[in-house]
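The next block holds one structure in the form of structure tokens; read it before the comments.
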There are 2 protein chains.
Amino acid sequence: MTASMNIEAPETAPRARDRFERMHAAIRNRICLLDYAPGTRLSEEALAAEYGVSRTPLRRVLGRLEGEGLLQSVHGVGTFVTDVEIGELIQTYQLRLELAELTGKLSAVAPDEALWQDFRALSARSKAMIDAPDPRRFAQLNMDFFLALLRLTANEPLKDICERLYFQTTRIWLKSVFASRIDLADEVDIFDREVHDILRALEIGDLHAAALIQRAHISMSFERMRRNA
Amino acid sequence: MTASMNIEAPETAPRARDRFERMHAAIRNRICLLDYAPGTRLSEEALAAEYGVSRTPLRRVLGRLEGEGLLQSVHGVGTFVTDVEIGELIQTYQLRLELAELTGKLSAVAPDEALWQDFRALSARSKAMIDAPDPRRFAQLNMDFFLALLRLTANEPLKDICERLYFQTTRIWLKSVFASRIDLADEVDIFDREVHDILRALEIGDLHAAALIQRAHISMSFERMRRNA
DNA sequence: GTTTCTTCTGTTGTGTACAACATAATTGAC
DNA sequence: GTCAATTATGTTGTACACAACAGAAGAAAC
């Protein structure tokens, strides 16, 4: 029965669209996890070669990333990872605070069993990170936890916007954290407490409280960043 | 003095980027003003010919519009103007309500003289529209007024998001209004009252009240649309 | 030595031919 | 006549060659 399903399931997977999505996600993660730091110049030809395609489909991906504010192409010069000046960063964080609260107020859904499992795994990763802090893995964990929390929001447009703003600003915050090795351990500690607090609120079933805790942590992490910079 | 400024101002206008922006705005307006109704198939070749370019730069524009949720390309079939199903529409409007209130609460700026002039012109256009209702011109007026109001918001990311959501949903609302000729006159009346009320709030200097009025009108227009559909 | 102009180099942007794909039309078997 | 397979047609997606462009390096004038 399951076999017959697998046999009959090419599932209308358009090869082109799938490849686009994979390249897009890959390059976006590299930017947001600081593999490509702000200001870095990307080589269209090198990236195209890496993915075994010509410049044309790659440029389509870069165009999308430019629309999302992560890249900027200049004719005859290059394609650069964008940086965010402090003024816009402040505005974005103010907005993220309000939106974080909205996610709790506006149509939030209780986590299902699959999400609970993911949360437990994330909690374990967070605890393990305390003994062995690592910048890159911390960045990945932070992103995974954020995306997991986002699954509590039923409002799709709001979800998209929060994701967009996260990808836009987190790399700047990460850059500030990674600047000094000492502070990383502190940030890991603080993050673990945030995970713990939010999961406890979720266990009680208080989604609004969870959102408020997240909001508070976004605000505080932004404050720490401003003082470091 | 002003002459010398004009002489020395080629102003680093990259021909390619400028052309991209113009094509993007033009096609976006056609979609949002219902020249291209939801479900319409766009011809890449015809559009490219219209703007005197090849498919390559045009496809870049279409790709951006796809990223903004206004188009969807399917390999071997065509590029179609997206429609919005009722479920997502409800979510988007709920979100727009909250964001409208945010624009008043979060860093709003008083209008300058240029904006006042634009508001007066918009008010006049609104009054004139009552005697001679016209679907296309009403759509344009509605958009212009929305964009003018948006200039009161200092928070750039919030501004971008509101604009994005407006472009995403208004065409659906317009489609509903245009469906019956009778209701257009009513909508024009209601719109004129909205303009009047908001401008009065602005004259007093109460930006928050203006945002609340706008919020109320968004909510009511959405209710009217649901009942018509 | 300084400045200006020219040339060179590497990048993004564009035009064009063709491949991949989906669908409608046609053909053929029965 | 019906249904299947096949062909035909029109679309988006891709590859590649070249144009447009910006900046650096170098040459020439003084």
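The values are calculated or read from the model by the stated rules, or taken from the named source; none is laboratory data. No experiment lies behind these values; they were computed from the predicted model shown. Positions of Cβ are generated from backbone atoms using ideal geometry, with glycine treated the same way; all protein chains shown enter the neighbour counts.
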(1) in contact with a Lys or Arg (Cβ under 7 Å, 6 or more places away or on another chain); (2) away from chain B (no Cβ under 14 Å): which one isn't true of A:Phe146, the others all being true? (1)
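Among the listed residues B:Ala110, B:Ala48, which satisfies the condition of being farther than 28 Å from B:Thr153 by Cβ and either small (Gly, Ala, Ser) or at the interface with chain A (Cβ under 9 Å from one of its Cβ atoms) (or both)?
Result: B:Ala48 is the single residue among B:Ala110, B:Ala48 that is farther than 28 Å from B:Thr153 by Cβ and either small (Gly, Ala, Ser) or at the interface with chain A (Cβ under 9 Å from one of its Cβ atoms) (or both).
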Would you call A:Arg28 within 16 Å of DNA strand D (Cβ to nearest atom), in contact with an Asp or Glu (Cβ under 8 Å, 6 or more places away or on another chain) and either in a helix (DSSP H, G or I) or within 11 Å of another protein chain (Cβ to nearest Cβ) (or both)? no
Looking at the range B:6-25, which of the residues that are at pLDDT 95 or above and more than 12 Å from every other protein chain (Cβ to nearest Cβ) is farthest from DNA strand D (Cβ to nearest atom)? B:Ala25
Within the set of pairs 6 or more residues apart or between chains, which connect a residue that is assigned to a loop (DSSP other than H, G, I, E, B) inside the range A:131-145 to a residue that is not polar (S, T, N, Q) with Cβ atoms less than 7 Å apart? A:Pro133/A:Leu184; A:Pro133/A:Ala185; A:Pro133/A:Val188
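Only residues that are closer than 20 Å to B:Ile172 by Cα and not basic (Lys, Arg): list them for the range B:39-61, please.
Within the range B:39-61, B:Gly39, B:Thr40, B:Leu42 qualify.
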In the range A:56-115, residues that are touching a residue at least 12 places away in the same chain (Cβ under 8 Å), part of a loop (DSSP other than H, G, I, E, B) and out of contact with any strand residue (DSSP E or B) (no Cβ under 9 Å at 6 or more places or on another chain) total 6
Got a number for residues in the range A:41-63 being more than 10 Å from DNA strand D (Cβ to nearest atom), surrounded by 16 or more Cβ atoms within 10 Å (Cβ to Cβ) and under 27 Å from A:Phe138 (Cβ atoms)? 2
Name the residue, out of A:Ala37, A:Ala48, that is in a loop (DSSP other than H, G, I, E, B) and not assigned by TED's automatic domain parsing to the domain that holds A:Arg151. A:Ala37
Among the listed residues B:Asp189, B:Asp118, B:Asp206, B:Asp197, identify the single one that is more than 30 Å from A:Lys159 (Cβ to Cβ), more than 19 Å from the chain's Cα centre (by Cα) and surrounded by 15 or more Cβ atoms within 10 Å (Cβ to Cβ). B:Asp197
